[in-house]
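This report concerns only the one structure given below.
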Amino acid sequence: MTLAVPIALTVNGERVEETVQPGLHLADFLRERLGLVGTHIGCEHGVCGACTVRLDGAIVRGCLVLAVQADGRQVETIEGISDAGTIAELQAAFHAHNALQCGFCTPAMLLTADALLRQGGVPSREAIRRHISGNYCRCTGYHAIVDAIESVARARGGDAS
């Protein structure tokens, strides 16, 4: 029998203290223990990107990080940044450009796109594609997603074209 480990972390600005099994992945912890189901489970091998979250501000795959590794750290999920309104413009652009269909990849895609846009400037379409390349979307073909991200970057960069 494996001993449970106490952890304390901040999730979407709220302090959380739990006891977890050492092998519990962060994505499973967020979904099962905290009910934050916007962190999707896809491949469970870090390939599809559906489990993307921010850990101390960095984009990580929640299926590759153990909950015990998040002890003492800050975790942000799609629910946290969506509720805070920090990606409202990006969400509106995804809707306007029809950059979502089934929606399975959308939370992780929005987190990843937001990380790119936080860098400032207007990235090229190729740079956008490279940045989101770790997030698989089986429905849209990416064109509309790139359009949406580019439109927000241009709006923020003051480029009206």
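Being part of a helix (DSSP H, G or I) and basic (Lys, Arg) is the filter here, so list the residues in region 110-132 that pass it.
Arg125, Arg129, Arg130
Does Val68 satisfy the criteria of being over 25 Å from Ala148 (Cβ atoms) and either in contact (Cβ under 8 Å) with a residue 60 or more places away in the chain or touching a His at 6+ places or on another chain (Cβ under 7 Å) (or both)?
yes
Is it the case, given these coordinates, that Gly121 is under 21 Å from Thr86 (Cβ atoms), surrounded by fewer than 19 Cβ atoms within 10 Å (Cβ to Cβ) and not assigned by TED's automatic domain parsing to the domain that holds Val60?
yes
Can you confirm whether Leu34 is modelled with pLDDT of 95 or more and surrounded by 19 or more Cβ atoms within 10 Å (Cβ to Cβ)?
No.
Take the residues in region 53-65 that are over 24 Å from Ala144 (Cα atoms) and touching a Gly at 6+ places or on another chain (Cβ under 7 Å), then tell me which one is surrounded by the most Cβ atoms within 10 Å (Cβ to Cβ).
Cys63
With the structure loaded, tell me whether Ala148 is buried (at least 21 other Cβ atoms within 10 Å of the Cβ) and either among the charged types (D, E, K, R) or out of contact with any Cys (no Cβ under 8 Å at 6 or more places or on another chain) (or both) or whether it fails that test.
When the stated conditions are applied, Ala148 passes them.
Those residues that are basic (Lys, Arg), within 12 Å of Glu79 (Cα to Cα) and out of contact with any helix residue (DSSP H, G or I) (no Cβ under 7 Å at 6 or more places or on another chain), I need them from region 33-64; list them, please.
none
Tell me which of these Phe94 doesn't satisfy, since it passes every other one: (1) free of Cβ contacts under 8 Å to residues at least 60 places away in the same chain; (2) assigned to a loop (DSSP other than H, G, I, E, B).
With (1) free of Cβ contacts under 8 Å to residues at least 60 places away in the same chain; (2) assigned to a loop (DSSP other than H, G, I, E, B) applied to Phe94, the lone miss is (2).
Can you tell me which residue within region 73-89, out of those that are outside any loop (DSSP other than H, G, I, E, B) and not small (Gly, Ala, Ser), is surrounded by the fewest Cβ atoms within 10 Å (Cβ to Cβ)?
Checking each candidate, the answer is Asp83.
Could you identify the single residue in Ala92, Ala70, Ala96, Ala113 that is crowded, with 21+ Cβ neighbours inside 10 Å and not assigned by TED's automatic domain parsing to the domain that holds Asp28?
That would be Ala113, the only listed residue that is crowded, with 21+ Cβ neighbours inside 10 Å and not assigned by TED's automatic domain parsing to the domain that holds Asp28.
If you scan region 116-143, which residues turn out to be at pLDDT 95 or above, closer than 28 Å to Leu36 by Cα and touching a helix residue (DSSP H, G or I) at 6+ places or on another chain (Cβ under 8 Å)?
Leu116, Leu117, Ile128, Arg129, His131, Ile132
The values are calculated or read from the model by the stated rules, or taken from the named source; none is laboratory data. Please read these numbers as outputs of a predicted model, since none were measured by experiment. FYI the Cβ positions are ideal-geometry reconstructions off the backbone, even for glycines, and counts take in every protein chain you see.
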